[in-house]
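Q: Just passing along the structure, written as structure tokens.
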Amino acid sequence: MPVGRLEGKVAVITGGASGIGKACALRFAEEGAEIVISDLGSERMESAAAEIRGSTNGQVKWVEANVCFEEQIENLMRSVMDDFGHIDCVVAAAGVSGANYVSGENAEGLSGNLVDQSLEDWNQVLQINLTGVMLTNKHAARHMIAKGTTGSIVNIASSAARVALAGAVDYCVSKAGVSMLTHAFAMEMLENNIRVNAIGPGFIETPMTQGLQDDAEGQELMRSMTPMGRLGSPLEMANTALYLACDESSYTTGATLYPNGGMYIS
Ligand code: NAD
């Protein structure tokens, strides 16, 4: 009888109510993990959890936490420990494309040019995309260390960590930060047998790219930057995250994989 690649593992997934995070939650559940989704909005989380329970029969819980607030992330990790006794895998997928982006409600993507941007908007993007990932890593790792867990942390960066996009300086900087956070934190976690890796997706079919998908110029921009000529699917990102989360990648840490349709070929 084949055993799932994450059988017996507990996975915490921020941004798990939508897009890439939700696809990771579903894919990890299919591989036997018990899942805790964290995001904003109880109805959105319950709906994602119900969808996953419906197709996998696995245990899926949710805990609301805004990744910007340290006490909410502490509470998230503590409640996972109370319920399951261990945290094995983390996917830090919560993120925004710009200060005014609200997932599923507002497809307006980027913040606009830096010269016109308020400090408040800049801080908002950095707070969610970079500090939120740091807090998620820090508080998950604390429990992994205390428990002696051989954990795996997967951060969702972006191909924009290495491609300069006009109108998205805040986003590019935040994602480059996630990539370096991943590399540096991986060094610190070596002695604890906790692996820390990242994924830098290209353009993926989620609510975050809906504005570009709905616009002819946006479609052309995405196609022209992507040698494969199509958007990636959330499932393709989840499969990459699964590889990094499970033991098949046991010799990989401090790496960022870029599933981006060949964006970096030349
Ligand atoms: P999405 O909008 O579908 O999902 C993002 C989720 O993050 C949403 O459910 C949202 O509610 C949640 N979130 C936002 N702010 C939060 C906060 N403060 N606290 C907790 N949760 C919060 O978009 P997605 O495309 O699935 O994005 C997931 C990750 O992938 C993001 O980090 C994004 O930057 C990254 N990414 C996406 C693409 C793409 O093309 N879609 C490309 C590269 C990287």
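The values are calculated or read from the model by the stated rules, or taken from the named source; none is laboratory data. Bear in mind that the values here come from a model prediction, so they are computed numbers and not experimental data. Quick reminder, even Gly has a Cβ in these numbers, built from the backbone with ideal geometry, and neighbours come from all protein chains shown. Just the protein is used for accessible areas: all its heavy atoms, side chains included, with ligands, DNA and RNA removed. Shrake-Rupley method; radii C 1.70, N 1.55, O 1.52, S 1.80 Å.
Q: Which residues, taken from the stretch 162-218, are among the acidic types (Asp, Glu) and over 24 Å from Glu236 (Cα atoms)?
A: Scanning the stretch 162-218 gives Asp170, Glu188, Glu191, Glu217.
Q: Condition test on Ala161, is it within 15 Å of the ligand (Cβ to nearest atom), open to solvent by less than 40 Å² (accessible area, probe 1.4 Å) and modelled with pLDDT of 95 or more?
A: yes
Q: Now, a different point. Of the residues that make up the stretch 186-199, is at least one without any contact (Cβ under 8 Å) to a residue 60 or more places away in the chain, more than 30 Å from Gly4 (Cα to Cα) and within 14 Å of the ligand (Cβ to nearest atom)?
A: Going residue by residue through the stretch 186-199, those that are without any contact (Cβ under 8 Å) to a residue 60 or more places away in the chain are 188, 191-196, 198.
Adding the requirement that they be more than 30 Å from Gly4 (Cα to Cα) leaves none.
No: the stretch 186-199 contains no residue that is without any contact (Cβ under 8 Å) to a residue 60 or more places away in the chain, more than 30 Å from Gly4 (Cα to Cα) and within 14 Å of the ligand (Cβ to nearest atom).
Q: How do the pairs read when you match residues in the stretch 109-124 that are open to solvent by 50 Å² or more (accessible area, probe 1.4 Å) with residues anywhere that are part of a helix (DSSP H, G or I), using Cβ under 6 Å and keeping only pairs 6 or more apart or on different chains?
A: Leu114/Val169; Trp122/Asp170
Q: Would a scan of the stretch 126-142 turn up a residue that is of a type in the set (S, T, N, Q), buried (at least 20 other Cβ atoms within 10 Å of the Cβ) and at pLDDT below 95? Lay out the reasoning, then the answer.
A: As a first pass, look at the stretch 126-142 and keep what is of a type in the set (S, T, N, Q): 127, 129, 131, 136-137.
With buried (at least 20 other Cβ atoms within 10 Å of the Cβ) added as a condition, the list becomes 129, 136-137.
Narrowing the set further to residues that are at pLDDT below 95 leaves none.
Among the residues of the stretch 126-142, not one is of a type in the set (S, T, N, Q), buried (at least 20 other Cβ atoms within 10 Å of the Cβ) and at pLDDT below 95, which makes the answer no.
Q: In this structure, does Arg44 turn out to be more than 10 Å from the ligand (Cβ to nearest atom), open to solvent by 20 Å² or more (accessible area, probe 1.4 Å) and either modelled with pLDDT of 95 or more or not in a helix (DSSP H, G or I) (or both)?
A: So Arg44 does not fit the description; no.
Q: Further question on the same structure: Go over the candidates Leu190, Leu181, Leu221 one by one and state the one that is at pLDDT below 95 and either under 16 Å from Thr256 (Cα atoms) or open to solvent by 30 Å² or more (accessible area, probe 1.4 Å) (or both). I'd like the intermediate steps shown before the answer.
A: Working: Leu190 fails: at pLDDT below 95; Leu181 fails: at pLDDT below 95.
Step by step, each of Leu190, Leu181, Leu221 is checked, and only Leu221 is at pLDDT below 95 and either under 16 Å from Thr256 (Cα atoms) or open to solvent by 30 Å² or more (accessible area, probe 1.4 Å) (or both).
Q: Of everything in the stretch 3-38, what is near the ligand (Cβ under 7 Å from one of its atoms) and at positive phi? Give them in sequence order.
A: Within the stretch 3-38, Gly15, Gly19 meet the criteria.
Q: When the stretch 95-108 is examined, which residues are found to be over 19 Å from Phe203 (Cβ atoms) and open to solvent by less than 70 Å² (accessible area, probe 1.4 Å)?
A: Ala99, Val102
Q: Looking at Asp215 and the list (1) open to solvent by 40 Å² or more (accessible area, probe 1.4 Å); (2) away from the ligand (no atom under 15 Å from the Cβ), which single condition is not satisfied?
A: (2)
Q: Ok, one more. Please go through the stretch 83-113 and pick out each residue that is outside any loop (DSSP other than H, G, I, E, B), more than 19 Å from Leu181 (Cβ to Cβ) and more than 12 Å from the ligand (Cβ to nearest atom).
A: Asp83, Phe84
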